[in-house]
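Peer 1: Sharing a structure here in structure tokens format.
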Amino acid sequence: MKLRILAVSLALLSSGAAVGQVLYGTLVGAATDPQQAAVVGATVTIKNNATGYTVETKTTNRGTYEIPNIPPGMYNIKIAATGFASFEAKDIRIEANNIARVDAPLVLGSVSEVVTVGAEVLQLQTDKSDLHTDIATKELTEIPVAGYRNFQSLLDLVPGTTPAQFQNASTDSPARALTANVNGTARNSNNTRIDGAASIFTWLPHHAYYVPPLESIETVNIATNNFDAEQGMSGGAAVSVITKSGTNLWHGVAFEYNSNHFWGAKNLFFNPNTPAGPNTPQRIDNQFGGTLGGPIKHDKLFFFASWEGTTTAERGNGLLSVPTAQIRSGNFNGLTTVYDPNSGDSSGRGRTPFPSNVIPSDQMSQAALTLQGMIPLPNTGTGQTSNYFAAVPYFFQRHMVDGKLNWTPNSKTNVFGKYSAMIAPVTAGAPLGAALGSYPGGAAGAAGIGTGHNHTDIYSAGISYVMSSTLLLDANWGLTRMHHDTQGPDYGKNIGLDVLHIPGTNGSDIRQSGFPIFNISGYTGLGNQDNWSPVVRNDQLYTYTANMSWTKGSHSFRFGFDLLRHQMNHWQPEVGGWSPRGGFNFVSGPTALNGGPSPNNFNAYASFLLGLPGSMGKAYQFYDPMRTRETQQGYFIRDNWQVTRKFNVNLGLRLEHFPIMNRGQYGIERWDPNTNKVLIGGRGNIPRDAGTSAIPVMFGPRVGLAYRASDKTVVRAGFGITNDPYPMSRPMRSPYPVTLVNEFQPLNSFVWGGRLATGIPAAVFPDISTGVVDIPNTFTTNTLQPGTFRRGYIESFNLTVQRELGAGFVLQTGYVGTRSIRQALSYFQGNAGLIPGAGANGRPYFTQYGVNVARSFFIPMATNRYDAWQTNITRRFSQGLFLTMSYTWSKAIGIDPGNSDSSLRFWVPSEYSKNRAVLDFDRTHSFVTAFTYELPFGRNHRWAQSGPASWIIGGWKIIPNIAWYSGMPFIVTADGSSLNAPQNTQVADQIKADVAQFGGVGLGAPFYDPTAFAPVSAVRFGNMGLNALRGPGLFNMNLGVFRQFVLTERFMLQFRGEALDLTNTPPLAQPNASVSTPSNFMTITSTISTATAQQRIMRFGLRLSF
């Protein structure tokens, strides 16, 4: 209640919409006389010549001054006092979320005399202890990046950041936001704000809803460690994007970029001897648009507008695995021993092989044979897997519009309003023809088959008001609305019922139509593999902040609040890999011998031919739509205390409240393992929180020190706690009975969970009116535990030294660490097998209630640590040269894969400690550099300033961007039939003391020695640990070559040629790491979807600016 009263009070103070300090910069400094004594009462004036914005203040009795809430931009600073010559600093850039320091060593003289300095006075970070990186518009628009020219690609330049990667399908996330782990934290804990409005895709919190076009961005600030107390709701990186504003001068840009497969290289795994032909698969990218900004009223009212269109047409391609003619006929000679599942006992012992190791045709499933007839035959190589090269059409179209108004009625008030929109239809084909399958991927990343439509609108507004010389108010409001829908090419066709004649698939609702999912271990999945499709989403995200700043002597206080409200409205019964069409998983156990040799992928295909899925299921949606409502609140106070002229202390405290999410009218659902019943909050006598409450207040202290050891050296240290912002709406969106997931699992790993002939039994919808419902034993769910939900937090700390090296170069180096305490584990498997060999009898709720499916809990319980030495060298653009170079040596270790939307690998108590391992995304070494160099020829340069030489060699610029990362770890797995412990990961046996790294790529060229490992046929785990080996490193080099033509005094035309992945070094995926798929074990047959190009791409562009 007290928190609500405080929120209302601050809202009344703010009296409207406005912006936070992270949108503004601060200028501090001191005026001293020749004896270093304080100059009191000196007049400090700053002016932005582009907008006319002017602020004036006086130095204090300590000779210091501070001007907060300065709109980002270039300023001239003048400090004048009677008896001294005036001091002027020209072209000082004030950046958002930064404190710039300009000290004025005044000299005796007349005020009319002027001592002038330039931007070189700003080299060091002297007054803040956080770790952050700023990327300005020049770097954003000039450094060549792949990945839709996305500013997030340049997050790779930030020390401690893993390579940015595409994520999820472009069909349902066309903003193409990139994901990265920052300083060892979960990717879900990054937070992006655009002009103060949060851009967090609630259902996919590792995405931003909207990624502004590069040409519309003024600056990007990325804080990665020990944030200012004002910055909350973020754990890994707090990314603040400031878009451009209009000025007193008209400015504009028109641009067009094109890349074409004719100018590029082939994918490393391209096979010319397929029906696709020998030519490079189609890939045509176009990005075009423009910006315009200028005055509406001189010095008072300005506008800025931006439009960007992007189209991609390609043939997504890749190597897939389809069955050969031999195994289609049921002949497994020379491949594996196929045992008759109808022989032996119910545990799979005593089985006998099929005669001649051939399955009789009269025992094959008619549904399986019908489906098999739809699968194309291999078209490349002679292997049993990775034998089909597919190339299918993909078309991406996206339009983004941004408009911004800035109003400065007087020197005390700044107001802005902003609107952005994105409209994006995306279509992708299926690789297996009538058998469908997943989009094989391409340079554009992943996509869902079919067509998706996305429409996103973002509104934001803000104000900053100077109440007095020591008191300021600012606030910000934002709203994001997103609509998305996707339908597959099979939508409206009941393939499961009408073609394959499998009972229980599809249904009376057209949204249940389509091709059921068929997964056969070791082969490319069949049917419509997008279990998330069809989908309809209508989401809203509200942002509201209000803050006040108060300066008192050497203290600069700031306090305020921050509120995010997430709302989701979805139709998408996507749970556990099951879809509304139904699905079937075929594994090796049903045709293997318990106690016999370890089975492989051929046994799984034999199970498919017999129509014996290891598991099957279907997802229904009961709540239509399923709604989530979640409000996150933060309150803070901080003090930037200038203890002495050389020593600053940053103190702060955040108080945050993360209530349990609800459904709007009703509360949340919770499965009670003590009764095997589900409680529905807000119905009957059940409280809205269903017995789970949130921590009333979570604390986040911050402390930082900055000491200027000399004019060229700063030592900084900091420690801070940020609370995990992971939205509960994601893991708790669809528990029972919001969605009904009817799942059928076998009693042990050697028998089957059902038959294609009998299909999937129908689900019974519950009566929820009393608030207490029984959950059938075949239904899975995810739930909270009763009592207090103890959300986790992240401790971050650093000790760094920054040194000005001369010639504009600045070195920063030091130790950086984080500890993720109680990181969210979305799916703690409470019903996993705890006894090897026991099958279902090892599940705790099977013995208690007969439940043989997953019952998981959302529990904050993982503890991960990250330690790094990070070094960065920068040079701001001056005299034709800009440079940034960073190196990180690090290690991230923990007990889960490292992200909040995950689970563990081992559940058997004796193996549980093995979950602690190097995290999946860990890279020991990271090196990234980019620089811009204007060749010293042509007008206004050192040589060839006129004449033919100037025309030919003048105006050229080269811009390389180079990245190298060591490899990530991976797990060597094995078939888990003999382990017979549901939901546990089986690892291989390592049978050689030393594993030789061959470094091969492609089929027949293993990366590691495959003979160093063996499958496991006994009732035990393999002897390997998690992430015991590392895959290939990642190298990428982009090179831009620009030529600038001066058309008139104001108009410039720039020709751009960019080679993305200049050396044609593909970003290799991990080796195929299942020892139970021997045909491609330890070979690399694909690339990963990083923001870097998967093969060399040539891009050409024209950019007209004025």
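Peer 1: Expressed as a rounded percentage, what relative contact order does the chain have, with Cα pairs under 8 Å and six or more residues apart?
Peer 2: 11 percent
Peer 1: Could you work out how far the C-alpha centroid of region 742-761 sits from that of region 892-933, in angstrom?
Peer 2: Cα centres, region 742-761 to region 892-933: 34 Å.
Peer 1: Under 12 Å between alpha carbons, and skipping anything fewer than 8 positions from K404 in its own chain: which aspartates and glutamates qualify?
Peer 2: Result set, ordered by chain and number: D195.
Peer 1: Let me ask something additional. Excluding residues on the same chain fewer than 8 positions from K891, give the aspartates and glutamates whose Cα lies under 14 Å from its Cα.
Peer 2: D867, D920, D922
Peer 1: Which of the peptides 427-437, 43-53, 153-163, 762-772 is most tightly packed, and how do the rest follow, going by the mean number of other Cβ atoms within 10 Å of each residue?
Peer 2: Numbers: 427-437: 21.7, 43-53: 18.6, 153-163: 25.0, 762-772: 13.7.
For the peptides 427-437, 43-53, 153-163, 762-772, the packing ranking is 153-163, 427-437, 43-53, 762-772.
Peer 1: What residues qualify as long-range amide H neighbours of Q621, i.e. H under 5 Å apart, gap of 5 or more or another chain, H built at 1.01 Å from N?
Peer 2: Placed amide hydrogens put L740 under 5 Å from Q621.
Peer 1: Something else now. Rounded to whole Å and ordered largest first, report the semi-axes of the equivalent ellipsoid of region 906-1106 derived from its Cα gyration tensor (root of 5λ).
Peer 2: Each semi-axis is the square root of five times an eigenvalue, giving 53, 16, 13 Å.
Peer 1: Follow-up. Two decimals is fine: what's Rg over Rh for region 674-826, C-alpha atoms, Kirkwood radius as Rh? Could you put the intermediate results ahead of the total?
Peer 2: Working: Rg = 26.1 Å, Rh = 20.9 Å.
Ratio of gyration radius to Kirkwood radius: 1.25.
Peer 1: Also, I was wondering about something else. How far is helix 2-14 tilted, in degrees, relative to the longest principal axis of the Cα atoms in the chain, given as a value from 0 to 90 rounded to the nearest 10?
Peer 2: Here the helix axis deviates by roughly 50 degrees.
Peer 1: Explain nothing, just the number: relative contact order of region 549-628, from Cα pairs under 8 Å at least 6 residues apart, as a whole percent.
Peer 2: 37 percent
Peer 1: Going highest first, how would you order 447-458, 332-343, 199-210 by mean Cβ packing within 10 Å?
Peer 2: Values: 447-458: 22.4, 332-343: 18.5, 199-210: 24.8.
Output ranking for 447-458, 332-343, 199-210: 199-210, 447-458, 332-343.
Peer 1: Same structure, new question: Compute the separation of the alpha-carbon centres of region 571-625 and region 486-524 and state it in Å as a whole number.
Peer 2: 14 Å
Peer 1: Based on Cβ point charges of +1 for Lys and Arg and -1 for Asp and Glu, what charge dipole magnitude is obtained for region 753-895 about its Cα centre, in debye rounded to the nearest 20?
Peer 2: The calculation lands at about 340 debye.
Peer 1: What are the ³J(HN,Hα) couplings of region 829-846, residue after residue, when phi is run through the Karplus curve with 6.51, -1.76, 1.60 and θ = phi - 60°? Round to Hz, x for glycine and proline.
Peer 2: Rounded to whole hertz, the list is 7, x, 10, 6, x, 9, 10, x, x, 8, x, 4, 5, x, 7, x, 8, 6.
Peer 1: As a quick test, which of the pairs K418/K646; K138/K552; K47/K646 have an alpha carbon distance above 29 angstrom in this structure?
Peer 2: Violating the 29 Å Cα-Cα cut-off are K418/K646; K138/K552.
Peer 1: Let me ask something else. To the nearest Å, what is the center-to-center distance of region 425-442 and region 42-88, using C-alpha atoms only?
Peer 2: Distance between centres, Cα-based: 60 Å.
Peer 1: With a cut-off of at most 13 other beta carbons within 10 Å, and DSSP calling the residue loop, which GluC sites (Glu not before Pro) in region 41-125 qualify? Please list them.
Peer 2: Working: sites: E56, E66, E88, E95, E113, E120; in loops: E95, E113.
Here the sparse-neighbourhood loop sites are E113.
Peer 1: Going by average Cβ neighbours within 10 Å, how do the peptides 875-883, 23-31 rank, with the highest at the top? Before the final figure, lay out the partial values.
Peer 2: Working: 875-883: 16.2, 23-31: 24.4.
Descending packing order for the listed peptides: 23-31, 875-883.
Peer 1: Using Cα positions and a limit of under 13 Å, work out the aspartates and glutamates in reach of K992, with same-chain residues fewer than 8 apart set aside.
Peer 2: D1009
Peer 1: Stick to the Cα atoms of the chain, pair each with every other, and give me the Kirkwood hydrodynamic radius in Å at one decimal.
Peer 2: About 31.2 Å, per the Kirkwood formula over Cα pairs.
Peer 1: Any idea which of T380, N225, Y707 is furthest toward the positive side of the dipole for the chain, if Lys and Arg beta-carbons carry +1 and Asp and Glu beta-carbons -1?
Peer 2: Most positive-ward Cα: Y707.
Peer 1: Tell me, what ³J(HN,Hα) does each residue in region 53-63 have, in order and in whole Hz, if you take phi through Karplus 6.51 cos²θ - 1.76 cosθ + 1.60 with θ = phi - 60° and put x for Gly and Pro?
Peer 2: Once rounded to whole Hz, the list reads 5, 9, 9, 10, 8, 10, 6, 7, 5, 9, x.
Peer 1: Restricting things to alpha carbons, find the Rg to Rh ratio for region 988-1106 using the Kirkwood radius for Rh.
Peer 2: Reported Rg/Rh (Cα atoms, Kirkwood Rh): 1.29.
Peer 1: For region 257-397, state the average projected area of the convex hull of the C-alpha atoms over all orientations, rounded to one decimal in nm².
Peer 2: 16.5 nm²
Every number here is computed from the coordinates shown, using simple stated rules; none is lab data. Note that the structure is a prediction, hence the values are computed from the model and not measured. Methodologically, a virtual Cβ is constructed for each residue, glycine included, from the backbone with ideal geometry; neighbour enumeration extends over all protein chains shown.
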